Every structure is written in structure tokens, then in C-alpha cells.
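What follows is a single structure, written as C-alpha cells, with notes after it.
The values are calculated or read from the model by the stated rules, or taken from the named source; none is laboratory data. In this text, all values refer to a predicted model and were calculated from it rather than measured experimentally. Glycine gets a Cβ as well: all are built from the backbone with ideal geometry, and neighbour counts include every protein chain shown. Protein only, heavy atoms only, side chains kept; ligands, DNA and RNA dropped before computing areas. Shrake-Rupley method; radii C 1.70, N 1.55, O 1.52, S 1.80 Å.
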Amino acid sequence: MRAITNNSQDRKNMQKIKNIAVIAHVDHGKTTLVDGLLQQSGTFEDHQELEERAMDNNDIEKERGITILSKNTAITYGDHKINIIDTPGHADFGGEVERVLKMVDGVLLLVDAQEGVMPQTKFVLKKAIELGLKPIVVVNKIDKPAAEPERVVDEVFDLLVALDADDEQLEFPVLYAAARDGYAKWDLSDENENLTPLFEAIIEHVPYPKGDAQEYTQAQVFTLDYDNFVGRIGITRIFNGKVKKGGEYTLVKADGEKSKSRISKLIGFKGLERIEIDEAEAGDIVAIAGFNDIDVGDTVADASNPLPLDPLHIEEPTLSVIFSVNDGPLAGTEGKHVTSNKIRERLEKEMETNIAMKMEPLGDASFKVSGRGELQIGILAENMRREGFEFLLARPEVVIKEENGVRMEPFEHLVVDVPEEFQGTVIEKLGKRKAEMTSMTPMPDGTVRIEFEIPARGLIGFRSEFLTDTKGEGVMNHSFLEYRPYTGTVESRTQGALISMDNGEAVAFSLYNLQARGVLFIKPQAKVYNGMVIGESARPGDLEVNPLKGKQLTNMRSAGADDAIKLVPPREMTLEQAMEWIEDDELVEVTPENIRIRKKHLDPAARRRAARDKKNAAAS
Ligand SMILES: Nc1nc2c(ncn2[C@@H]2O[C@H](COP(=O)(O)OP(=O)(O)OP(=O)(O)O)[C@@H](O)[C@H]2O)c(=O)[nH]1
Ligand SMILES: [Mg+2]
């Protein structure tokens with residue numbers, strides 16, 4: 001039986017909670033701002049040192065300096081508890097942002113005072129506006145010499161108008177900040193002091209959570225975690241009612257399936273720590289253990305009257321890559337987990353926690369993994385190789401949809417910033433990839449900002465070409481726009497591959513001779529095999545070469561002479577670069593120790609046959 005209580009009376013006793021997400025384009029300073037908020041809230045004891053970008057706590061996040069997974073923390077400010085969710089800014093992890101926006105009542109939208117509104121600023125703000133959230137705009141990095149904070153505020157305003165924001169959303173508060181230096185202020189002429197103005201803005205402008213602690217329990221899982229002692233943990237936002245340690249609840253899955261279980265452990269957040277608690281109520285964010293098959297999107301509901309919340313809908317993946325078992329001659333020599341079963345188990349596990357990705361077994365020991373972009377899929381592959389997996393990756397393909405009998409493909413919004421002298425080349429190259437220019441603006445630092453709409457297919461493999469064409473000075477950013485009718489053939493790599501015709505170890509003498517043919521990917525002594533790609537040819541069309549041809553078999557002294565040979569350092573590609581580089585008839589071989597590129601058909605005769613078949617199929 002449920003006690004009948006006076007609601008307004010109870011509201012007063014409810015903890016004062018604010019739930020916010022920090023959203024922005026990549027690198028605009030979200031995680032750094034969260035550091036500042038953690039530090040200045042007094043959540044930490046004086047002797048506790050806070051690491052830089054403390055929330056980016058997994059290995060790849062630390063190495064690359066980017067946020068991949070959204071994470072939550074809680075701070076106290078005066079008599080308020082503020083739950084903060086730090087989100088990733090890279091477009092490929094947009095799904096992380098989408099799912100957490102439903103868990104908060106307000107957002108801090110950060111915009112770099114120099115870069116201004118970028119593709120992912122649009123994407124995340126659009127999602128926030130659609131959910132009716134009112135942003136607090138934080139113009140960050142105002143310390144940068146080329147900062148133009150006023151221009152940036154205008155850009156945000158124009159963007160909100162373009163996104164059909166309502167009047168209330170258009171009256172967004174604006175603060176000017178340097179997250180790294182730990183201050184925010186209402187007026188550019190104010191002193192640089194601390195983040196107090198931002199704390200106050202959060203308390204004033206973010207609405208209190210709407211739920212009711214006396215209602216039937218409804219909490220929704222937005223992130224999963226794992227603990228060796230208690231097993232799967234669901235991080236949930238409680239929308240109504242209470243959750244108690246030891247209490248029995250019903251877990252309602254997205255498909256409506258129900259199961260009952262007890263909460264074995266209830267965990268609250270405080271700064272970077274997790275603390276065991278006995279009870280939490282509507283409005284709060286807590287972690288729940290005790291449900292073995294808890295998943296993202298599930299509702300933890302009252303056992304006597306389970307009322308599910310809407311499942312989390314997020315945008316569909318736009319890109320897919322086929323993972324398959326390594327069947328090359330070096331298979332199993334470097335990895336621990338190499339079988340189809342192991343790969344399937346690992347991919348299935350990933351799909352449970354990552355609702356922005358999908359996996360489809362294709363039979364013949366291969367699996368189609370779909371996500372938002374090469375980086376998202378590349379990071380999964382990178383994590384797997386670190387765990388000891390070995391596998392092959394095929395060229396990324398966009399996810400094509402059929403709508404009312406029309407073939408549709410994903411389009412992206414692309415923004416490039418390039419020094420003026422390179423704009424001609426970049427526009428020409430993008431034209432070949434079916435991009436349409438939508439605007440061109442000279443920037444204060446002498447570069448030109450050019451915006452395009454481009455089929456996502458056209459972007460595959462473009463980044464490395466772009467960096468070469470702009471001598472590394474160009475900056476490109478893109479994020480998903482929408483599905484549009486299919487645009488026909490898009491130009492891809494023009495250079496052929498240099499293919500090894502033999503098995504063994506590469507010899508310096510022979511690599512030296514091959515350097516004139518193109519750019520090599522390998523060093524002397526690298527293991528090579530027949531059909532492995534060892535470099536990019538300077539010309540179109542593949543070329544079979546022999547990287548083993550040395551003189552050391554006939555003349556001992558040449559081994560010493562080999563050391564004296566001056567070789568150009570090879571082009572070492574990251575997993576994502578390799579994935580973008582390859583063509584349809586090539587694969588990336590990923591092992592814990594190496595990233596190699598190979599032809600799908602290792603045997604030259606089979607390769608020629610496949611090429612002929614493909615040509616005939618295209619002609620008919
Ligand atoms: N000049 C300047 N640099 C800043 C400021 N705030 C952050 N940065 C720098 O900007 C870079 C990116 O900061 P992060 O906090 O990782 O940015 P982020 O938005 O969390 O990035 P993602 O999570 O990858 O989207 C780091 O090198 C920071 O030191 C600032 O106020 N001024
Ligand atoms: Mg970050």
C-alpha cells in the first residue's frame with residue numbers, strides 16, 4: 001500500500017538537485033570545465049590532488065586526449081547537489097550525447113571563443129532543443145589571442161533561430177569563461193575570478209527535476225558499468241519514486257519483458273568517488289547493482305506496479321565495417337583470441353553497452369559492425385587488439401536505406417578551415433567527392449572557413465588526402481546531417497598498392513630500391529607475405545614487388561652494408577587510417593602487435609580473376 005502524502009510538503013524535503021550535461025564540439029573544453037567545477041565546488045579535500053581532465057579515465061581517452069564515453073559525477077554547491085554528465089564532442093560518439101540528454105534538466109553548451117559554432121555544436125544543440133532543454137551558453141577559451149566572443153554569441157543565436165528554438169530557449173544566459181584557468185564571468189569587462197558565476201547560473205537557470213518521490217518507482221538506465229564483485233551495474237536517473245538497497249523491483253526491458261530482482265548494492269556519486277548508499281529518490285542519478293541482465297534503456301520499476309519509461313531512441317548507425325577471422329599466413333602468431341566464437345562474444349558484449357552500435361553475424365566467420373563513423377568502430381577495434389584479439393577489417397561502407405522505393409545515403413555537414421592558398425585544391429578535390437559548397441567565410445587568422453554538404457561516402461579516405469594537400473595546416477570537422485537520395489559513384493583512392501609477391505622478412509636493400517615506386521608502409525625485418533600490401537604506389541594500378549630480394553644470401557658482408565642504407569621512414573598508419581586507406585578488394589589485418597594491409601585474395605591468380613569478375617559485373 002502506498003502512503004498518501006501531501007505532495008508540496010514532500011517536495012520541500014526532497015534534496016535540492018540539478019542535473020546537467022556539458023555538451024560541445026570536440027575539444028571546446030568540456031572535460032576541463034568539469035575539472036574546474038569539481039575543484040571549486042569544495043567536493044575535494046584540500047590534500048586531494050585532481051588529475052588533469054580527471055573524467056577522461058580510460059586508457060584510450062588519456063592517450064588521445066578526447067572523451068569517448070559520457071560519464072557522470074556529482075558535486076555539492078551550497079545546499080544543492082549538482083549531477084554533471086560530461087559528454088564526448090567527437091561526432092562519432094554523438095550517440096552518447098543523445099542518450100544522456102534525456103537524463104538531465106539543463107545543458108551547458110560550450111563554444112570555443114575562436115572556433116565558434118562547429119558541426120558538432122549544431123548536432124548536440126539540435127538534440128537538446130528538440131528535448132525542450134534551455135541551454136546555458138558558455139563561451140570558453142576567451143583567453144585565446146584570436147578569441148571573438150561576441151561573434152560567437154551571435155553565431156549561437158543564429159543557430160538557435162535556425163533550429164526553431166522557442167522564445168524561452170532564445171533567451172539563453174551567456175557566460176564568458178576560460179575553463180583551463182578556472183573562471184567564468186557574466187560580462188567580458190568583469191574581473192577573472194572563479195567559477196562562482198557559473199555555479200550560480202546553474203542554480204538559477206536549470207529547472208529542478210520534475211519527478212515525484214511518492215509515486216511508483218521509475219528509473220531509467222543510461223550507462224552500464226561492471227564490477228567484479230557485484231556484476232553488472234546500471235547507472236540510472238530516477239524519474240519517480242525511490243530506490244532502496246535490498247528492495248525488490250521489476251526490470252522492464254525495451255521489448256516489454258519483465259523480471260524481478262533485489263537491489264544488492266546502491267551506489268551514489270560524489271566527486272570522482274562512488275559511495276554506498278541505502279536510498280535515493282526521484283531526481284537523482286545513482287548506480288544500481290543486482291540485476292544480471294540490466295541494459296541501457298531498461299526501466300527499474302515498482303515490483304507491484306511496473307510502469308516502463310519510453311525506451312531510448314537514438315539515431316541509427318550510418319557506417320559499417322565487416323570484422324572477420326584472420327585467415328592470413330601469420331594468423332594466430334600474435335594474438336590470443338582468434339576464433340570466430342571469441343570475436344562474436346566480444347562484439348556481442350560491446351553491443352549490450354553501446355546502443356549506438358549494431359552487430360549482425362554474416363555467417364562465414366564474419367560480422368557486420370555498424371556505428372557512427374570510423375573513429376567509433378576504430379576504437380572498438382583498438383580496444384579489442386589491446387585485449388589480445390586478432391581479426392580482419394574490411395573497407396568502411398555507408399549504411400544505405402530504402403525510403404519509399406528510393407535509395408538513400410547519409411550526408412554529412414563538413415567544415416574545413418584552410419589557409420587561403422589551399423582553398424582551390426580542397427574545393428576541387430571535394431567536388432570530385434560530390435560535395436556541395438554552402439558557404440565560405442574569411443576568418444580573422446587568415447584562413448578561410450568553407451562549409452559543405454557531402455555524402456558520407458565521399459569522406460571515406462578524404463582526411464589523409466586533405467592533410468597532404470594542406471601541408472597539415474587544414475582542419476576538418478564533420479557531423480551527420482540527414483539521409484538523402486543516393487548520388488552515384490564517388491571518387492576514391494587513385495593510387496595503386498605495392499603488393500608483396502613472397503613470404504618472409506623484408507630486406508633493407510630491396511626496400512631501398514622500392515622507395516622510388518611509392519610510399520612504403522614497412523621497415524626492414526618486417527614480416528611480409530604474398531598478397532600483403534607494403535606500400536602505396538606512386539601511380540594508379542597495383543604493382544607486385546619483391547621486398548625480400550637481398551644480397552645477404554650470397555654475400556655475408558651485405559648484411560652489414562644493409563645498416564648503412566638510408567631509408568625514408570615508412571608511413572605508419574593507425575588503425576583508422578588503414579581502414580580509410582583500403583579499397584574494396586583489400587583488408588586490414590589487426591593483431592595486438594601489428595596493423596597490416598593485405599589483398600582480400602592473397603593469391604595473384606585469384607586476385608586477377610576477382611578483378612575481372614567485378615569488371616564484367618559492372619559492365620553488364
Ligand atoms: N586556451 C585555452 N585552452 C583550453 C581552455 N579550456 C580547455 N582548453 C584546452 O583545450 C583542450 C581540450 O580540452 P578538453 O577539456 O579535453 O575538451 P573536451 O571538450 O572535453 O574534448 P572532447 O571530450 O574530446 O570533446 C585541452 O588541451 C585543454 O587544455 C581554455 O579556457 N583556454
Ligand atoms: Mg572531454
| note | Looking across region 272-283 at residues that are more than 20 Å from R232 (Cβ to Cβ) and over 30 Å from the mean Cα position of the chain (by Cα), the single one that is surrounded by the most Cβ atoms within 10 Å (Cβ to Cβ) is A282
| query | Can you name the residue in region 17-70 that is aliphatic (A, V, I, L, M) and in a loop (DSSP other than H, G, I, E, B) and is also farthest from ligand 1 (Cβ to nearest atom) among such residues? | reply | L50
| task | Would you check if E453 is of a type in the set (D, E) and open to solvent by less than 30 Å² (accessible area, probe 1.4 Å)? | result | no
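Condition check ((1) surrounded by 14 or more Cβ atoms within 10 Å (Cβ to Cβ); (2) modelled with pLDDT of 95 or more; (3) of a type in the set (V, I, T)) across all residues:
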site: T487; (1), (2), (3): yes, no, yes
site: M501; (1), (2), (3): yes, yes, no
site: A516; (1), (2), (3): no, no, no
site: K527; (1), (2), (3): yes, yes, no
site: I534; (1), (2), (3): yes, yes, yes
site: G560; (1), (2), (3): no, no, no
| field | Leading residue by the ranking (modelled with the lowest pLDDT) among those in region 17-57 that are in contact with a Leu (Cβ under 7 Å, 6 or more places away or on another chain) and not aliphatic (A, V, I, L, M) | value | F44
| query | Picking from D86, D112, D105, which residue would you name as being out of contact with any helix residue (DSSP H, G or I) (no Cβ under 9 Å at 6 or more places or on another chain) and either modelled with pLDDT of 95 or more or closer than 26 Å to M443 by Cα (or both)? | reply | D105
| query | Which pairs do you get when a residue that is on the phi > 0 side of the Ramachandran plot and of a type in the set (D, E, K, R), found in region 119-146, comes within reach of a residue that is part of a loop (DSSP other than H, G, I, E, B) and open to solvent by less than 20 Å² (accessible area, probe 1.4 Å), reach meaning Cβ atoms under 8 angstrom, with the pair 6+ apart or on two chains? | reply | K141/H28; K141/G29; K141/A113
| query | Inside region 259-271, can you point out the residues that are buried (at least 17 other Cβ atoms within 10 Å of the Cβ) and either in contact (Cβ under 8 Å) with a residue 24 or more places away in the chain or farther than 17 Å from E248 by Cβ (or both)? | reply | S261, I263, K265, I267, G268, F269, G271
| Considering only residues of region 51-64 that are without any contact (Cβ under 8 Å) to a residue 24 or more places away in the chain and under 15 Å from R180 (Cβ atoms), which is farthest from ligand 2 (Cβ to nearest atom)? | E51
| said: Restricting to region 298-313, give me the number of residues that are under 25 Å from the mean Cα position of the chain (by Cα) and either acidic (D, E) or surrounded by 19 or more Cβ atoms within 10 Å (Cβ to Cβ) (or both). | reply: 3
| query | Which ones in region 500-550 are part of a loop (DSSP other than H, G, I, E, B) and either of a type in the set (A, V, I, L, M, F, W, C) or touching a Pro at 6+ places or on another chain (Cβ under 7 Å) (or both)? | reply | M501, N503, A506, V507, F521, I522, K523, A526, Y529, A538, L548
| Residue in region 159-180 that is surrounded by the most Cβ atoms within 10 Å (Cβ to Cβ), counting only those that are touching a residue at least 40 places away in the same chain (Cβ under 8 Å) and part of a helix (DSSP H, G or I) | A179
| message | Just to be sure before I move on: is R463 under 28 Å from S320 (Cβ atoms) and at pLDDT below 90 in the structure I sent? | response | yes
| query | Would a scan of region 314-330 turn up a residue that is closer than 22 Å to T67 by Cα, touching a strand residue (DSSP E or B) at 6+ places or on another chain (Cβ under 6 Å) and open to solvent by 20 Å² or more (accessible area, probe 1.4 Å)? | reply | no
| request: Among the residues of region 388-444, write down those that are farther than 29 Å from G378 by Cα and of a type in the set (V, I, T). | output: V406, T438, T441
| query | Within region 12-38, can you find the residues that are polar (S, T, N, Q), open to solvent by 20 Å² or more (accessible area, probe 1.4 Å) and within 16 Å of ligand 2 (Cβ to nearest atom)? | reply | T32
| Just one of Y216, Y249 is aromatic (F, W, Y), within 11 Å of I288 (Cβ to Cβ) and at pLDDT 95 or above; which is it? | Y249
| field | Subset of region 73-91 (residues that are on the phi < 0 side of the Ramachandran plot and away from ligand 1 (no atom under 11 Å from the Cβ)) | value | T73, A74, I75, T76, Y77, D79, H80, K81, I82, N83, I84, I85
| Applying the selection to region 390-427, what residues are open to solvent by 50 Å² or more (accessible area, probe 1.4 Å) and under 28 Å from V588 (Cα atoms)? | E397, I400, K401
